[in-house]
Structure formats: C-alpha cells, structure tokens
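The structure under discussion appears below in the form of structure tokens.
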Amino acid sequence: MPTETLPDLLTGLTLSAILFCLGLIGLLVRRNVIYLLMCVEICTNAAALAFVVAGAHWDSSDGQVMFIFIITLAAAEVAIALALVLQFFRRRHTVDIDQLNGLRG
Amino acid sequence: MQDFFAPFLAWIPLLPLLGFVLLIALPLFHLREPPEAVSAVVGVGSVCLSALLTLLIMWTLFLNNPSAVLQVSLWQWLKVGALQLGFDFYLDWLGMAMLLVVTGVGFLIHLYSAGYMHGDDGYRRYFAYLNLFVGAMLILVMADNLLLLYLGWEGVGLCSYLLIGFWYRNSANGDAARKAFIVTRIGDTAMLLGLILLFSQFGTLSIRALNTAAASAPANNLTVTLAALLLLGGAVGKSAQLPLQTWLPDAMAGPTPVSALIHAATMVTAGVYLIARMHPLFNASETAMSAVGIVGALTLLLAGFSAMVQSDIKRVLAYSTISQIGYMFLALGVGAWTGAIFHLMTHAFFKALLFLSAGSVILSLHHEQSLFSMGGLRRKLPFTFGCFAIGCASLAALPFTAGFYSKDQILLKAWEYQGGFNGIWFTGILGALITGFYSFRLLFLVFFGNDGPASAQCKDANNGVMTLPLSVLAVLALFGGLLTPPLQRVFTQAPAGHAPLWVEGVAIAAPILGLALAWLLFRHNTSPMESRGKSALEKLWFSGWGFDWLYHRLLVQPLTSLARINRNDILNSIYNGTAFICRQLHNLLSTSQNGLIRWYIASFTCGAIIFLALLVVL
C-alpha cells in the first residue's frame, strides 16, 4: 500500500485525542458504572490507537505489539471490573457510582 | 565492749521499721484486717524491744562513761564524685539522751495508744504509721551525716502528715495535714539549701567533720553564718517556731496520742536537736546565735499569750508546746546547750503526760474538747486529775518538779548571757509567769469549779494499758529532774556560775505568781470568757496573733488568684495552638476526600491539564 494513502501522523493523533477526550468526558458526566467501564475502554483504545499510528509513522512494529498488550490488559481489566460491578449491584441494588462513597473522609 | 555493741546499734531504728513493714504487710497473709491484739503486739512490741536495747546499751556502755561513743557503718549509700555518704550511725551522750526520750516516751505512748485507739477502724494503720515515725526519728537522731539526718527528718515529716490526717474522712483533718506538710516543707527547703551550701564550702556532709571545720573557720565567716541561718530555717519549720509556727495548733486534728508523741515530745524537738548537734557551726557565727535566741524568745512570748486564751484543751497544750520549744531555742541562743537538751527531756516527760491525760479526759467525755464544757472533773476522774496536775506543775516549773530544774538552768544561763539583766532573760521570766498562768488556768477550768455541760456524761475511760504509761510519765515528770544527762563532753561550755540570790528568787516566784493570777481570775469568774464578749486583744491572741490570716492574705490568696487567672496554662496554649492549627488543616484536606470517584477523576484531569499546560508554556 503506498504511503501517501495512509492518514498522516497529525490526523491519527488528533483522532486519538478526540476519542480520549470523549472517553474522559463520559467518565466525568455519567454515573452508571457500566457506562463508566465503557468510557474507560474508549480511553484505553484511544491510547492504543495513538501507539498504532505512531508505529505506522516510523514504520515500526512496536506500536502494534503495544496494541496487543493493551487489548489484553483491557480484557483483564473488564473481567475484574465486571465482577466487582456484579457484587456492587448485588449488595446495593444500584449501579450509581456516587453511591459508592464509603471511603469519604 | 564497744565492738560488741556496735552491730546492735542498727537494730534500734531497724526494729520499729520492721514493725512498720510487718503491719503494712499483715493483710497480705490474712486477707482481712488482723485482730487488734496482733497489731498492738507488733506495734508496741517493736518499740519496746528498741527501748530495751537502748537501755541495755546505755546501762553497759554509757552510764559511767560521759565520753562514750558508739559508731557503726552499715553500707555505702551514695557515691557521686566527691560526695561519699555512708549509711552510718553515730551515738554519743547527746544522741543517747534523745534515743532514751524517743524510744522510752515513744514506747509509753504506744502502750497508751493500744488502749486509746481501741475500736478504731484504722488500728493497724495507726500503729504502722507510729512505728514508721519512731524508726525515722531514730535514724534522724543517730545519723552520722547530714543527708542521713535529712532522710529521717523527711520521714518524720511524712508520718506527721499521715497521722494528722489519720481520720481522713473529715476534710478539715486533711487540710490540717496538708498545712503541716507544706509549712514544714518551707523550712525543709531552707535546710536542704543549707546542706548544699555546706557541701560546696567544706566538701563533706559528715557532721563531725563539718563541726571541726566550722570551729576552725574564721569567726563570723559569711558562708558559715549563711549555712547556720539556713539550718535554723529548717529547725524553725520542724519545731514550729516563728514564723513557721502556724501548723502546730492545727496539727491537733490527729489522735491525741499522736499529738503527744509527735507534736509535743519528739518530732518537734528535732530542730532543737539539729542545732545542738551542729553547735560548733552555730558557735562560729554570732549572728546565727542571736537569731536562734531571738526566734526562741519571740516565739516563747507570742505562743504563751495565745495559750492564755484558747478554749480547746488540745490547742492550749499545742501553744504551750510552741512556747516551751521557744525556751529551748532561747537556751540554744544563749549557749546553754545542756540546758536546752535537759529541758527537751523534761518537756518530753511532762508534755507527753499532759497530752495523754488530756486524751483520757477527751475520751471520758466522748470526744468533747471545749474547756468551757468541762469543769469539776476532779471528782469523776481522780487519777487523770492527779496526772494532769503533776504535768501542769512540771510545765509551770513549780519548785522540785522536773521542769523546774531544766528551766532554772536555762534562766541562769540567760542571766549570764550578757553578764546580768538582759532582754532574753527578762523574756524568759515573763514566759515563766505566762506559763504558770495558762497551765493552771487549764487545770482549773477542766478539773475545778462547777460541772460543765459535758461533765455530766463523763465516764472514766482509763484502763490498764492507759494508766500504766500515765503513772510512769507522772513519776518522770516529778523526778525527771534527777536524770541529768552527762553532756559535758559533748558540749564544751563553762559551768553555770552563781547568779545573785534574787535572780533565783524571781525565777521561782514567776510561775507561782502566774498560778496565783490564774486562781484569782478563776475564782472571780467561774465561767470566764465564753459568756462575755472577747476583747480585741483576746481575739488577736486567740487566733495566734493573726498569723494564719496574714499568711492567707499574703501567700495563699495571691497564689490561688494567680492560679485562677492561669487556669488554662498560658504556656500550654503554644502546644494547644499547634494542635488546633493541625486539626484545622486536617479538616480542610479531609473534605477533599469525599469518596466520589468522579470527583477524583475531575481533579486528576485538572491536574493533568495544568501539568501539560506548564510543560507547553515552559
């Protein structure tokens, strides 16, 4: 595939930043734990995208290696987080993250 | 012989101390209060053994040998740099005379107490304290260095406190105990300063070494004078002399035998003993000597006047004690060392007798102490009356009683003091007149005249263990004048010369005049002073010259008001302030820990943005 057809670095990183910000805004405004987990997922994937774009730019496979790492990490994270959410829901009968403030000072 | 007895010396104070430990530890084995008989046997027995040992040592070693000396070194007590102190005892005739008084009179009072305290809840505690007192007093008397003496000195102070407040459920007794402790503490502090001064000057605290050093010091050396005055401060506190005499009248709150033992016969004479023991030091300074004499003379008069108007039987005796110790100080001040110690001995006999018979009166009248409720008791308590009369005669120094001989020695020495008529001698004579007045006023009010309100319920409370000590003391108060301790080797003083005959005559006449005055007043005024109002002077005397009022205004009130101002310690506010600021900061920060994850994310984001912005800008 000719190099020119690939989106350049700036475009890729901008997309990644927009994705990350979307995830972050989601984290700040949503209260549903499930949505929060999805937002975290968006944030990690934005970071992963940045790795891939950078790897493509410097013609290196490191970016893709990092991407696989991040996918694995995200899978593990979701597995644990969902289990926690399940426990949370069983105990409190709610998924509102603001109810989860037992450690307030 | 001397080597044989030296080890036994330590047993004299050790026996009462063992008695104390045993009495305190008895409930550990019994799990409940032991019967009275056990406490009495341990308490009285230990002092009895100690007295017998003293008598034995006196008999075999001291009796025919005026320069006999016994000493024993038990162990090294302290060793700090140049300060080396041993637990050493030293006994010469001065100490022997004191030992005989402390163990002998002490034993009689213990015996009397066994009957007097019968039925009291604190029977065992009482004897434990009494034994501890005797032990501490014996250490005081036999100490070979000033710090060991100070140990005994503080020990008797502690026991005095414990025994004045013996009936602690009445808070007034606790107040009296605290007062005694704090007032004597002022004197003790002066004494401690004196010890430090002596050590820094002479590098030793051994009494004999100090005395030799002081005797060879240049006359009127400032340090010696200062040290002597500081020691006098200690003596003044312990012996209830001006200006620290206020604690003794209040100390009558304790049981009556305690007043007899501690506040009349033994402990309060510790100051006299201290000055007599350190007499070369005092001799080396004219200022200190005249200070001793003046303190004694003033106290003698002031306390005598107070004793004339008191309405409580024990308070009369308390003021008379202060007054008589004033005589001893007067004697010390004019250099009549032998006379002072002799008067100390006879005073111990007749004052113990007076207090114990007063105790019998009080017990017979069901703890009534007001003189004006008594009267006519000679018919109901003939034995007590006899003892009391002997005590009063001896106190007033009527001719041929024990008190006469000792007081006569003092007055003769006072006459010679400045080679003829002088203020000190005149004070002594005036004091003798006053003594005659108040002692017989006391006797008349209690035993003569019509029955008082309390006399009707009188029931003779004397029993065997109480009459025996009374009889022995009565004999001693009458004939104790024959028991002159041979002190000529301890005190190098010129033998008393011959005063004009009229001086002798005045000394004999003064107490008799006092007696006559008391009789006249009593005849013309069968219910004196209670019915009519008191004049201002009588009120002043009654309150002990207003010293309590003065000290309350001058010392106690400023202190309490300062304490009130500084209730929340001003210095403490520094630390409290630090704690307060920390707590506020902590509260501020802990509000940020609100438990909301989204809040944390927001702050995290803000932080990251600020950080990135800084990175870009810089």
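The values are calculated or read from the model by the stated rules, or taken from the named source; none is laboratory data. Quantities reported herein were computed from a predicted structural model and do not represent experimental measurements. Neighbour counts run over all protein chains shown; Cβ positions are idealised from the backbone, glycine included. For accessibility, only protein heavy atoms count, side chains too; no ligands or nucleic acids. Shrake-Rupley method; radii C 1.70, N 1.55, O 1.52, S 1.80 Å.
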*Among B:594, B:587, which is the only one that is within 14 Å of chain A (Cβ to nearest Cβ) and open to solvent by less than 50 Å² (accessible area, probe 1.4 Å)?*
B:594
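Only residues that are small (Gly, Ala, Ser) and part of a loop (DSSP other than H, G, I, E, B): list them for segment B:106-126, please.
Looking only at segment B:106-126, we keep the residues that are small (Gly, Ala, Ser), and these are B:106, B:113-115, B:119, B:122.
Within segment B:106-126, B:119, B:122 qualify.
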*Quick one: in segment B:336-354, of everything that is open to solvent by 10 Å² or more (accessible area, probe 1.4 Å) and within 25 Å of residue B:415 (Cα to Cα), which residue is farthest from the chain's Cα centre (by Cα)?*
B:338
*Do you know which of the residues in segment A:77-105 that are touching a Lys or Arg at 6+ places or on another chain (Cβ under 6 Å) and surrounded by fewer than 14 Cβ atoms within 10 Å (Cβ to Cβ) is modelled with the highest pLDDT?*
A:96
*So residue A:62, is it among the acidic types (Asp, Glu) and more than 28 Å from residue A:29 (Cβ to Cβ)*: yes
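Has segment B:1-23 got any residue that is out of contact with any helix residue (DSSP H, G or I) (no Cβ under 8 Å at 6 or more places or on another chain), under 20 Å from residue B:115 (Cα atoms) and modelled with pLDDT under 85?
The first filter runs over segment B:1-23 and keeps only residues out of contact with any helix residue (DSSP H, G or I) (no Cβ under 8 Å at 6 or more places or on another chain), leaving B:3-4, B:6-7, B:10, B:21.
Narrowing the set further to residues that are under 20 Å from residue B:115 (Cα atoms) leaves none.
The answer is no, given that none of the residues of segment B:1-23 is out of contact with any helix residue (DSSP H, G or I) (no Cβ under 8 Å at 6 or more places or on another chain), under 20 Å from residue B:115 (Cα atoms) and modelled with pLDDT under 85.
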*asked:* Which count do you get for residues in segment B:410-444 that are in contact with a helix residue (DSSP H, G or I) (Cβ under 7 Å, 6 or more places away or on another chain) and more than 13 Å from residue B:503 (Cβ to Cβ)?
replied: 16
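Among the residues of segment B:54-86, which ones are open to solvent by 30 Å² or more (accessible area, probe 1.4 Å) and either small (Gly, Ala, Ser) or in a helix (DSSP H, G or I) (or both)? Let's see the steps before the verdict.
Here is the first cut: in segment B:54-86, the residues open to solvent by 30 Å² or more (accessible area, probe 1.4 Å) are B:55-56, B:59-60, B:63-67, B:69, B:71, B:73-84.
B:55, B:56, B:59, B:60, B:67, B:73, B:81, B:82, listed by residue number.
So that you can scan it fast, the table gives a plain yes or no per residue for (1) more than 10 Å from chain B (Cβ to nearest Cβ); (2) acidic (Asp, Glu); (3) open to solvent by 30 Å² or more (accessible area, probe 1.4 Å):
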position	(1), (2), (3)
A:14	yes, no, yes
A:23	yes, no, no
A:27	no, no, no
A:30	no, no, yes
A:36	no, no, no
A:42	yes, no, yes
A:50	yes, no, no
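Please work out if residue B:577 is free of Cβ contacts under 8 Å to residues at least 12 places away in the same chain, of a type outside the set (Ser, Thr, Tyr), surrounded by 14 or more Cβ atoms within 10 Å (Cβ to Cβ) and out of contact with any helix residue (DSSP H, G or I) (no Cβ under 6 Å at 6 or more places or on another chain). Before the answer, list the steps.
Values: free of Cβ contacts under 8 Å to residues at least 12 places away in the same chain: yes; of a type outside the set (Ser, Thr, Tyr): yes; surrounded by 14 or more Cβ atoms within 10 Å (Cβ to Cβ): no; out of contact with any helix residue (DSSP H, G or I) (no Cβ under 6 Å at 6 or more places or on another chain): yes.
No: the conditions fail for residue B:577.
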*Residue that is surrounded by the most Cβ atoms within 10 Å (Cβ to Cβ), among those in segment B:127-171 that are in a helix (DSSP H, G or I), touching a helix residue (DSSP H, G or I) at 6+ places or on another chain (Cβ under 6 Å) and among the aromatic types (Phe, Trp, Tyr)*: B:153
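Report whether or not residue A:74 is in a helix (DSSP H, G or I), closer than 22 Å to residue B:597 by Cβ and of a type outside the set (Ser, Thr, Tyr). Lay out the reasoning, then the answer.
Numbers: in a helix (DSSP H, G or I): yes; closer than 22 Å to residue B:597 by Cβ: yes; of a type outside the set (Ser, Thr, Tyr): yes.
So residue A:74 passes the test.
Let's see how each residue does on (1) without any contact (Cβ under 8 Å) to a residue 12 or more places away in the chain; (2) open to solvent by less than 30 Å² (accessible area, probe 1.4 Å):
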residue	(1), (2)
B:454	no, yes
B:457	no, no
B:463	no, no
B:476	no, no
B:509	yes, no
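Looking at segment B:262-287, which of its residues are open to solvent by less than 10 Å² (accessible area, probe 1.4 Å) and polar (S, T, N, Q)?
Keep residues of segment B:262-287 that are open to solvent by less than 10 Å² (accessible area, probe 1.4 Å), which gives B:262-276, B:278, B:281-282, B:285.
Passing the criteria: B:266, B:269, B:285.
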*So which residues in segment B:186-207 are surrounded by 15 or more Cβ atoms within 10 Å (Cβ to Cβ) and not aliphatic (A, V, I, L, M)?*
B:187, B:188, B:194, B:199, B:201, B:202, B:204, B:206
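Yes or no, residue by residue, for (1) aliphatic (A, V, I, L, M); (2) in contact with a Ser or Thr (Cβ under 7 Å, 6 or more places away or on another chain):
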{"residue": "B:457", "(1), (2)": "no, no"}
{"residue": "B:470", "(1), (2)": "yes, yes"}
{"residue": "B:484", "(1), (2)": "no, no"}
{"residue": "B:488", "(1), (2)": "no, no"}
{"residue": "B:508", "(1), (2)": "yes, no"}
*So which residues in segment B:161-176 are in contact (Cβ under 8 Å) with a residue 12 or more places away in the chain and of a type in the set (Phe, Trp, Tyr), if there are any at all?*
B:161, B:166, B:167
*Complete set of residues in segment B:26-44 that are surrounded by fewer than 17 Cβ atoms within 10 Å (Cβ to Cβ) and modelled with pLDDT of 85 or more*: B:41
